[in-house]
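The values are calculated or read from the model by the stated rules, or taken from the named source; none is laboratory data. Note that this is a predicted model, so its numbers are computed, not measured. Counting neighbours? That spans all protein chains shown, and the Cβs are built from the backbone with ideal geometry, glycine included. Just so you know, the surface numbers come from the protein's heavy atoms only, side chains and all, with ligands and any DNA or RNA stripped out. Shrake-Rupley method; radii C 1.70, N 1.55, O 1.52, S 1.80 Å.
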2 protein chains.
Amino acid sequence: MRTLGVVVSIDGARDPAASLQPLLDLVSAEMAGVNRIILDKAVSDIELIPTLAHHLIDSGGKRLRPMLTIAAAKLSGYTGQGHVRLAAAVEFMHTATLLHDDVVDESDVRRGKASARRLWGNQASVLVGDFLLGQAFRMMVDVGSLSALRILSNAAAVIAEGEVMQLSAAKNMGTTEDEYLAIINAKTAALFSAAAEVGPAIASRPADEQAALRSYGRNLGVAFQLVDDALDYAGDSARLGKSVGDDFREGKITLPVILCYRRGNDTERDFWQRTLSGGDIRDGDLEHAISLMRRHKAIEATLERARHYGAIASDALAIFPESAPRSALAEAVAFCIARAH
Amino acid sequence: MRTLGVVVSIDGARDPAASLQPLLDLVSAEMAGVNRIILDKAVSDIELIPTLAHHLIDSGGKRLRPMLTIAAAKLSGYTGQGHVRLAAAVEFMHTATLLHDDVVDESDVRRGKASARRLWGNQASVLVGDFLLGQAFRMMVDVGSLSALRILSNAAAVIAEGEVMQLSAAKNMGTTEDEYLAIINAKTAALFSAAAEVGPAIASRPADEQAALRSYGRNLGVAFQLVDDALDYAGDSARLGKSVGDDFREGKITLPVILCYRRGNDTERDFWQRTLSGGDIRDGDLEHAISLMRRHKAIEATLERARHYGAIASDALAIFPESAPRSALAEAVAFCIARAH
């Protein structure tokens with residue numbers, strides 16, 4: 001599977017300097033604290049809870065969202081300790097979402113390992129997700145910032161709304177790019193946005209700075225999801241910890257598919273209808289899907305869209321004076337986009 | 001099915017005066033506000049959300065939990081408007097739990113109607129539950145009381161923990177009465193307790209009054225659940241909106257079963273093992289289960305336990321001076337217990 005994906009090469013699009021390292025260096029001390037809190041709050045006398053929670057917690061996610069919270073708080077000159085607990089709460093909200101997502105998508109693989117729902121069943125995944133969400137709110141309450149609570153509780157409702165939106169649009173090849181953007185704005189970008197916005201919120205920074213980091217997070221989140229969508233048809237399975245073709249096999253309608261469907265002819269549309277709407281996937285269908293992506297330059301177009309949102313994210317930071325947090329956040333955008341290459 | 005259940009008759013246990021009417025009268029103006037907020041906050045552009053939410057919201061639950069919040073706030077002399085929104089949030093937390101419960105229990109019936117998960121699938125039930133929980137937290141944040149937020153976010157985590165505990169104990173006939181009490185303390189009584197405690201909390205009443213209402217709610221919740229367990233083997237299906245034997249068919253190990261199993265002989269224990277642990281339920285098994293309940297007076301004993309917790313709940317109110325809210329709350333306990341007769 002390693003060489004199955006589309007090989008994308010666009011002159012000038014590659015940014016070899018893009019690295020997550022400046023962000024990792026910036027937040028490393030606080031992230032040690034975040035990781036301690038995560039371990040501490042995944043504890044319960046009910047053995048199934050830490051077992052299942054650790055399966056995901058230890059599975060090597062990048063923890064990008066809590067890093068955004070720490071970096072945004074630093075950019076905002078925050079000097080307290082609340083950002084560490086808020087960052088842990090953000091990661092718990094994300095973990096809870098992953099647990100419920102896997103149930104909804106009937107996914108058997110997550111981050112290259114068997115998914116929790118496959119190992120412990122849907123029931124445990126639903127309930128441990130609920131527990132982690134409850135713990136997340138407890139941590140936020142402990143921090144005591146009503147504005148951070150408002151931002152994150154809004155995000156919780158919007159994320160769920162986005163997931164329902166996606167469920168309602170599932171299998172519908174008529175989904176437009178606009179509709180898809182509304183879905184990923186809610187289900188993915190809302191948490192990136194909230195994660196970044198709580199930084200200036202707990203530092204009591206003015207509204208324009210909160211708006212700037214909200215916009216940074218939202219656009220980064222959209223770009224991140226679009227790159228993820230592209231990688232599902234073009235990536236390197238071993239490196240990503242996910243298989244090329246997962247979205248295809250699960251019948252997910254993502255931007256590369258939407259573009260390919262619209263740019264295709266009637267025969268090609270019949271193919272997408274049969275496989276993604278109809279769920280009738282046969283040997284060779286994934287390879288054919290990838291060849292259609294290649295024909296219509298759907299991956300390149302998706303990455304082009306991602307760069308557009310990434311540019312908005314970077315420009316949103318421009319109101320802040322030059323600083324280490326600002327450049328680390330800007331380079332994180334470049335990194336998220338460059339991982340497609 | 002109407003006459004299938006155990007007929008329980010214990011001299012002096014029946015309390016014909018016990019009525020929910022004083023509580024209903026006390027809170028009727030505020031509950032109109034609660035109901036308006038519930039309708040308002042179940043709204044979404046994503047059609048599936050209000051459709052599914054209304055299926056449960058309109059299904060005629062008693063709304064006992066939000067009534068406790070309103071009455072406890074009145075008992076605490078609260079004069080603001082926050083209790084109405086907190087009460088709506090409590091009902092949303094409860095509704096979210098029901099949606100997830102039905103998924104976990106694979107229930108096809110809820111309040112005498114087809115369950116949401118049967119009509120719209122597990123996926124939608126999980127996600128709309130998440131949405132309602134998010135909305136609940138939004139409402140709590142709007143009220144702005146950190147102490148109420150602390151109480152309710154604790155409850156959210158504890159409820160989920162209790163559900164996982166129940167899942168871990170499922171099919172285990174070795175579950176003790178103590179273990180079962182720990183489960184229902186978490187999964188049922190924690191929300192009753194939090195619903196009552198937020199009343200004095202938003203009224204900034206002293207710790208002993210908060211503790212009193214917390215204890216009232218917790219013990220009422222335990223009594224309520226035990227009566228529910230008894231009714232599942234002894235109730236009147238048409239009146240309850242649930243079928244006698246639902247718990248039996250779902251293999252749930254409740255207090256009547258725990259008592260019957262412990263009081264039974266080896267042949268009887270084999271029967272419980274086959275049906276509830278093994279899931280091998282044949283024609284006539286429910287009738288046999290009920291006859292064993294009768295032989296060992298398991299329903300009477302369960303109701304006796306319920307009366308014990310009900311008495312603790314009533315006595316917890318004794319530190320408050322006599323008032324309409326106090327007697328309405330006390331009579332609600334008597335009502336919850338009397339509904340078994």
Starting from the 7 Å offset along Cα-to-Cβ, what nm value, one decimal, do you get for the label separation of A:I319 and A:A207?
1.0 nm
Taking r as the C-beta separation of A:S147 and A:N172 and R0 as 41 Å, the FRET efficiency to the nearest 0.05 is 0.65
Ordered by number, the GluC sites (Glu not before Pro) in segment A:41-113 that occupy a DSSP loop and have at most 14 other Cβ atoms within 10 Å are A:E47, A:E106
Amide H contacts under 5 Å for A:V109, restricted to residues at least 5 apart in sequence or on another chain and with H modeled in the peptide plane, are A:S115
log₁₀ I(q)/I(0) of segment A:200-333 at q = 0.09, 0.10, 0.18 Å⁻¹, via Debye over equal Cα point scatterers, no solvent, to two decimals?
-0.37, -0.44, -0.93
Between B:A207, A:S168, B:S168, whose Cα lies farthest towards the positive end of the dipole of the protein assembly as shown when Lys and Arg beta carbons carry +1 and Asp and Glu beta carbons carry -1, centred on the Cα centre?
B:A207
Counting only heavy atoms of protein chains, what accessible area per residue, in Å², does chain B have with a probe of 1.4 Å?
38 Å²
Student exercise: in segment B:16-338, how many lysine pairs 8 or more apart or on different chains have Cα atoms under 17 Å apart?
6
In degrees, nearest ten, helix A:146-169 long axis to first principal axis of chain A (Cα):
10 degrees
Work out, in µm²/s and without decimals, the Stokes-Einstein translational diffusion coefficient of segment B:127-246 at 25 °C, 0.890 mPa s, Rh from Kirkwood over C-alpha pairs.
154 µm²/s
Computed magnitude of the charge dipole of segment B:152-307 (debye, nearest 20; Cβ of K, R +1, Cβ of D, E -1)
180 debye
Sorted by accessible area (1.4 Å probe), largest first, how do B:L133, B:L23 line up?
B:L133, B:L23
Kindly provide the pair-distance distribution of the protein assembly as shown built from C-alpha pairs, with 10 Å bins from 0 and whole-percent values in order of increasing distance.
3, 15, 23, 24, 17, 11, 6, 1, 0
Sorted by accessible area (1.4 Å probe), largest first, how do A:H296, A:H54, B:H308, B:H288 line up?
B:H308, B:H288, A:H54, A:H296
Starting from the 7 Å offset along Cα-to-Cβ, what nm value, one decimal, do you get for the label separation of B:E47 and A:T51?
4.3 nm
Show me you know the interface measure: the accessible area buried between B and A, both chains summed, probe 1.4 Å, in Å² to the nearest 100.
3500 Å²
Report the Cα centroid-to-centroid distance between segment A:273-341 and segment B:53-100 in angstrom, as an integer.
44 Å
³J(HN,Hα) computed for each position of segment A:35-49 - Karplus, 6.51 cos²θ - 1.76 cosθ + 1.60, integer Hz, glycine/proline x
5, 5, 5, 4, 5, 5, 8, 8, 7, 7, 5, 7, 3, 4, 5
Could you give the length gained on full extension between A:S291 and A:E179, defined as 0.36 nm per residue of separation minus the Cα-Cα distance, in nm?
37.8 nm
Can you tell me the dipole magnitude for the protein assembly as shown around its Cα centre, using point charges on the Cβ only (Lys, Arg +1; Asp, Glu -1), in Debye to the nearest 20?
460 debye
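Considering every residue in A:147-158, what mean count of other chain Cβ atoms within 10 Å of its Cβ is obtained?
Values: counts 1, 1, 8, 5, 1, 4, 12, 5, 2, 8, 11, 3.
That works out to 5 on average.
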Could you give the angle, 0 to 90 degrees to the nearest 10, between helix B:116-143's Cα long axis and the longest principal axis of the Cα atoms of chain B?
30 degrees
In sequence order, calculated HN-Hα J values of segment B:222-233 (Karplus, 6.51, -1.76, 1.60; Hz; x Gly/Pro)
5, 4, 4, 5, 5, 4, 4, 4, 5, 4, 5, 10
With n ≥ 4 as the cut-off for DSSP H runs, can you work out [θ] at 222 nm for chain B, using -39500 (n - 2.57) per run divided by the number of residues, rounded to the nearest 500?
-22500 deg cm²/dmol
When all alpha-carbon pairs of chain B are counted, what percent fall beyond 30 Å?
35 percent
Would you please state which residues of segment B:164-183 a label at B:E304 would reach in this model, taking the label point 7 Å out along Cα→Cβ and a backbone N cut-off of under 18 Å?
B:177-178, B:181
Would you tell me the mean number of C-beta atoms belonging to other protein chains that fall within 10 Å of each C-beta in A:102-115, as a whole number?
1
Dipole magnitude of segment B:16-338 about its Cα centre, charges +1 at Lys/Arg Cβ and -1 at Asp/Glu Cβ only, in debye to the nearest 20?
400 debye
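Beyond 19 Å, what share of the Cα-Cα pairs of segment B:75-139 remains, rounded to the nearest whole percent?
Taking all Cα-Cα pairs of segment B:75-139, the fraction more than 19 Å apart is 40 percent.
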Select from segment B:273-341 those trypsin sites (Lys or Arg not before Pro) which occupy a DSSP coil region and have at most 13 other Cβ atoms within 10 Å, ordered by residue number.
B:R282
